[in-house]
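The block underneath contains the structure these notes are about, expressed in structure tokens.
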Amino acid sequence: MIYLTAGAEAIRTASTWLPILERAIDRSDGRWSREEVLDDVRNGLLLVWIMVRHERVVGVFTTRPITCRSFTWVLVEDLAGDDIDGWLPEAARALEGWARELGAKQIMLEGRRGWERKLRALGYETKRIQAVKHLVTVN
């Protein structure tokens, strides 16, 4: 089962999904914090997708719809969970259907290199990389 939530409802249920999502937030190299993610969710800028199996949250990812001029895309910012291979294909289908309804022309996911193989199996291709040079120590 997949749940899509945002705003006040997402904040109300954060205790069920935030502990899992914090795994991805912790690997964001300090680009955003737990509080910043919650602020964006509260303000409806970031949507939370919750994967549930046998009444247990097994995965969470966030999406940020972006429109620049007439081009809309969906950015997947954080993704974390258990048994990802078991739910990622279903999540990808739901995300793609939702993005098409939104009128998005692309879905972009930023993440670790390890995602490349999993996403290729779902029809995603590597177009760009994101390289990072740390100029300050990130805690």
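Since every read-out is calculated from the coordinates, none of them should be taken as a lab result. Please read these numbers as outputs of a predicted model, since none were measured by experiment. Neighbour counts run over all protein chains shown; Cβ positions are idealised from the backbone, glycine included.
I'd like the full set of residues that are in contact (Cβ under 8 Å) with a residue 12 or more places away in the chain and of a type in the set (Asp, Glu), limited to region 1-36. Within region 1-36, GLU22, ASP29 qualify. Look at ALA91 and say whether it is small (Gly, Ala, Ser), touching a residue at least 24 places away in the same chain (Cβ under 8 Å), under 21 Å from ARG27 (Cβ atoms) and surrounded by 15 or more Cβ atoms within 10 Å (Cβ to Cβ). Yes, satisfied. LEU21: over 17 Å from GLU110 (Cα atoms), among the hydrophobic types (A, V, I, L, M, F, W, C) and either crowded, with 16+ Cβ neighbours inside 10 Å or touching a Leu at 6+ places or on another chain (Cβ under 8 Å) (or both), yes or no? Considered against the rule, which asks whether it is over 17 Å from GLU110 (Cα atoms), among the hydrophobic types (A, V, I, L, M, F, W, C) and either crowded, with 16+ Cβ neighbours inside 10 Å or touching a Leu at 6+ places or on another chain (Cβ under 8 Å) (or both), LEU21 comes out as no.
Evaluating GLY81 against the criteria (1) loosely packed, with under 14 Cβ neighbours inside 10 Å; (2) in contact (Cβ under 8 Å) with a residue 60 or more places away in the chain; (3) among the small types (Gly, Ala, Ser) leaves one unmet condition, (1).
Applying the selection to region 100-130, what residues are more than 23 Å from ARG31 (Cα to Cα), surrounded by 10 or more Cβ atoms within 10 Å (Cβ to Cβ) and of a type outside the set (A, V, I, L, M)? ARG100, GLY103, LYS105, LYS118, ARG120, TYR124, listed by residue number.
Checking each residue in region 35-46 for being crowded, with 20+ Cβ neighbours inside 10 Å and not β-branched (Val, Ile, Thr) picks out only LEU46. So THR67 fits all but one of (1) of a type in the set (Val, Ile, Thr); (2) exposed (fewer than 13 other Cβ atoms within 10 Å of the Cβ); (3) touching a residue at least 12 places away in the same chain (Cβ under 8 Å); what number is the exception? Among (1) of a type in the set (Val, Ile, Thr); (2) exposed (fewer than 13 other Cβ atoms within 10 Å of the Cβ); (3) touching a residue at least 12 places away in the same chain (Cβ under 8 Å), the lone unmet condition for THR67 is (3).
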